[in-house]
Structures are given as C-alpha cells and as structure tokens.
Amino acid sequence: HCLAVRAVCRRDIDCDRRSGHSWKITLLRNYWKSKVKQEWLSGKYSNIPSQHSLPEKSMYPMDADTWGEILEAELER
C-alpha cells in the first residue's frame with residue numbers, strides 16, 4: 001500500500017521514511033492525502049460548478065508544492 005501511495009506522494013513518503021517513521025505510520029500519515037491528490041490529478045474535480053458540489057472528502061491539507069502539481073495538471077488539460 002505504501003508503494004501505491006508513494007507513486008502519488010513521493011516527496012512526503014520519502015521524507016517520512018528518512019525521518020524514521022515506520023511504514024505503518026507513513027501509510028497512516030499519507031493515505032488520505034494520496035487519495036485526494038490522485039482524484040484531483042485525474043481531473044475528477046475539473047468541472048465542478050461550485051464548492052458546494054465537491055464531495056465531502058475532496059479536500060485535504062496539502063502543501064504549496066502539492067497544490068502546484070495539481071494546478072499544473074489542470075493547465076495541461
């Protein structure tokens with residue numbers, strides 16, 4: 001599971017592992033973030049008419065670099 005999450009959140013997984021977190025803790029810390037990020041990157045939320053149309057779990061605290069990746073993907077669509 002961690003390798004699948006790492007495919008989407010490489011920087012976060014690598015940082016947690018370098019910090020000495022176990023794979024279990026690393027997965028717990030990054031699982032939902034990777035799910036939300038993957039949905040954004042896949043374009044699931046590209047044509048949402050308003051914030052009220054977003055599913056409940058469409059947001060997750062992400063850093064500026066992660067949002068930058070998402071915005072770049074949107075610009076390429």
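Using the structure shown, decide if R77 is modelled with pLDDT of 90 or more, surrounded by fewer than 16 Cβ atoms within 10 Å (Cβ to Cβ) and not small (G, A, S).
In short, no.
Say we look at the range 39-58 and pick out the residues that are among the hydrophobic types (A, V, I, L, M, F, W, C) and over 9 Å from the mean Cα position of the chain (by Cα); which of these is farthest from L3 (Cα to Cα)?
Residue satisfying both the conditions and the ranking: I48.
Can you pull out the residues in the range 12-70 that are basic (K, R) and surrounded by 13 or more Cβ atoms within 10 Å (Cβ to Cβ)?
Once the filter is applied, which keeps residues that are basic (K, R) and surrounded by 13 or more Cβ atoms within 10 Å (Cβ to Cβ), the range 12-70 yields R17, R29, K33, K35, K37, K44.
Would you please name the residue that is nearest to the chain's Cα centre (by Cα), looking only at residues in the range 8-38 that are in a helix (DSSP H, G or I) and without any contact (Cβ under 8 Å) to a residue 12 or more places away in the chain?
Once the filter is applied, the top-ranked residue is R10.
The values are calculated or read from the model by the stated rules, or taken from the named source; none is laboratory data. Note that the structure is a prediction, hence the values are computed from the model and not measured. Positions of Cβ are generated from backbone atoms using ideal geometry, with glycine treated the same way; all protein chains shown enter the neighbour counts.
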